[in-house]
1. Test residue B:289 against the stated conditions and say whether it is in contact with a helix residue (DSSP H, G or I) (Cβ under 9 Å, 6 or more places away or on another chain) and either within 14 Å of chain A (Cβ to nearest Cβ) or without any contact (Cβ under 8 Å) to a residue 12 or more places away in the chain (or both).
2. Of these, A:190, A:196, A:115, which one is within 24 Å of residue B:290 (Cβ to Cβ), of a type outside the set (Lys, Arg) and either in a helix (DSSP H, G or I) or within 13 Å of the chain's Cα centre (by Cα) (or both)?
3. Among the numbered conditions (1) among the aliphatic types (A, V, I, L, M); (2) at pLDDT below 90; (3) over 26 Å from residue A:178 (Cα atoms), tell me where residue A:78 comes up short.
4. Considering each residue of the range B:200-230, count those that are under 28 Å from residue B:149 (Cβ atoms) and loosely packed, with under 15 Cβ neighbours inside 10 Å, and give that number.
5. If I go through the range A:22-64 residue by residue, how many of them are open to solvent by 70 Å² or more (accessible area, probe 1.4 Å), of a type outside the set (Ser, Thr, Tyr), in contact (Cβ under 8 Å) with a residue 12 or more places away in the chain and part of a strand (DSSP E or B)?
6. Suppose we filter the range A:199-219 for residues that are part of a helix (DSSP H, G or I) and open to solvent by less than 10 Å² (accessible area, probe 1.4 Å); how many remain?
7. Can you name the number of the only condition in (1) under 26 Å from residue A:28 (Cα atoms); (2) open to solvent by less than 40 Å² (accessible area, probe 1.4 Å); (3) more than 7 Å from every other protein chain (Cβ to nearest Cβ) that residue A:67 fails?
8. Taking only the range B:150-199 into account, find how many residues are under 15 Å from residue B:111 (Cα atoms) and surrounded by fewer than 20 Cβ atoms within 10 Å (Cβ to Cβ).
Amino acid sequence: MTTTPDLTPWITLQGVRKGFRIGTETVPVFSGLDLTIPRGDFVAIMGPSGSGKSTLLNMLAGIDSPDGGTLQIGGARLDSMGESARSAWRAHNMGIVFQFYNLLPMLTAAENVELPLLLKPIAAGDRRARVEKVLELVGLAGRGRQYPALMSGGQQQRVGIARAIVTDPALLLCDEPTGDLDRKSADDVLDMLRFLNRELGKTIVMVTHDPQAATHARRTLHLDKGQFVEERKAA
Amino acid sequence: MSSLVRQFLVMMRANLAGLRRRMAISLSMMLSVALVVGVLAGFLSMAAGFEKVLTGTGSPLVAVVLGGGTNQETGSEISSEALRGIMALGGDIGAARDAAGHLIASREIVVTTEAAATSLALRGMDQAGPGLRDGVTLTDGRIFAPGMREIVVGETLARDIPAFALGRTVRLGTLDWTVVGLFSAGGSAFESEIWADLDTVRAAFDRQGEVQSLRLRLVDPAGIATLRQALDRITALPLTALPEPDLYAGQSGRTADLIRMFGWPLALLMAVGAAAGALNTMMSSVADRTVEIATLRAIGFGRVPTFLATWAEAAVLALAGVALGTGLSWLLFNGWQASTLGAGNTRIGFQLAVTPQVMLSAGLLGLVTGLLGGALPALAATRLPLTAALRARG
């Protein structure tokens, strides 16, 4: 079954302001950014370095907070939450896919995937069953005992994706998920993300420099100097 | 198992697994903690060994009577009049008597003399003196004869100074003395003494008529109270009666405290340095694990397990240092023969004792050193910018 995005805004940014202090001066990144993303969407965000892509992703992930404006995801006001509340919200509602996978090298693939489940009151047996299921979903059935160092970049990123979806979050944030991969591995990962969006209804926000990666998204937003300058929908 | 514990265990596992990457700096922290532990254990074992020798010396069935208001033999003087008064005391005075009804007593004097460039205690005593030392056995030779320049020497002294071997002649003061016997006293302070006939010692050192202490055999340990009451009846100089163990324990307290007074400040000073080293080690550990910590925090792991896991790593390294420090201290120091100056500035031989109490004190200082040094980096770990996780290569 292929899902289509609900048209109701699910992620909403209104008049978001954000700046960084450099010495005594504050350098503005966003001076009133507006954005709406419906549930089930797959949005690629592109733009030159310094355009604010990472800052936007950090705010969506709740690891950074806006200086002003509102940031709402699924009814939760992230802009008014404290750090620990955002941390708890993140653990229950989103998964993050990192550019360099960020797997813990001393843990096996399965143990890495299990990490987000440790935050929830789930019995060990159930945790293992869920880990096996998602590893199978990302095409790594039977590879759970392998350590990351023995896996290719593409396989490691699949483990990263499995870790991001193991708690079945509604939202996936991907930061240059193919930035460290060769073309073939990158396409496999992007196909995986598309599958998660189309078949499982995950809302995905992906920051990327790669125009080819952006074609896998439903739409692409171009960010420049803290403003969206262009929106392109997938054919 | 709660989520907090699971988070802590995963982070702790990640920390410990990364120790191999940080081998050199982790070892340096361990060694600096071990050094602190070793230095403190060294001083404390010295104090403990010294105390053990002196507190293990003497019998509760022997009373030492001192004159002149002192509770040490040095500076004590019992006049002839007082001595006569004591010996004439009738009835039950708490002290034992021989078959003829005489008190079992030994008049004694301690003179400081030198041999082999060492300050030594030469004790002149009556013939009953050796019999008033419980736990002492003659291991070789015989007891000194009255009127002869003969000495009986403790085994510790004979072992440390070859001039006191059985049969040797040794110059004490201006005269030569012959070693006619060796005795053992279970390593107690007696073994650091030289015993000789009272009158011979007094004549050789121009101390005619002097008596510093009178040892009396008690009927039982409680006899000391009766003896004190009896001594109050003698109106000459004030007399003090002490159980023999109390006399030596009093000597040990001052010297042991002095050793500790040197040991603790030195160890604490080193601990400050080691804590700074621990802080440096743990800061580098946190820096090394920035991506891991930030990734876990980005996933949703809390600040508390982050703090505890980093702090626990410091504790583990400190404990390893403590184990190394106490282990080496025990191997190197325990039983090591040493000597110091006791009462009257005379030599007392003793063995360093790395007791459980010593290990506990030194170990706790080592652990506290690690924990203090690890606290700030643990706090720093909880304040790492999570944005580091998103773009860093792990």
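1. Taking the combined requirement at face value, the residue satisfies it.
2. Being within 24 Å of residue B:290 (Cβ to Cβ), of a type outside the set (Lys, Arg) and either in a helix (DSSP H, G or I) or within 13 Å of the chain's Cα centre (by Cα) (or both) holds for just one of A:190, A:196, A:115, which is A:115.
3. Residue A:78 satisfies all of (1) among the aliphatic types (A, V, I, L, M); (2) at pLDDT below 90; (3) over 26 Å from residue A:178 (Cα atoms) except (2).
4. 3
5. 2
6. Here the count works out to 2.
7. Unmet condition: (2).
8. 5
The values are calculated or read from the model by the stated rules, or taken from the named source; none is laboratory data. Just so it is clear, the model here is predicted, and its values are computed rather than measured. Cβ sites come from the backbone with ideal geometry, for glycine too, and all protein chains shown count toward neighbours. These area figures cover heavy atoms from the full protein model, side chains too; ligands, DNA and RNA do not enter into them. Shrake-Rupley method; radii C 1.70, N 1.55, O 1.52, S 1.80 Å.
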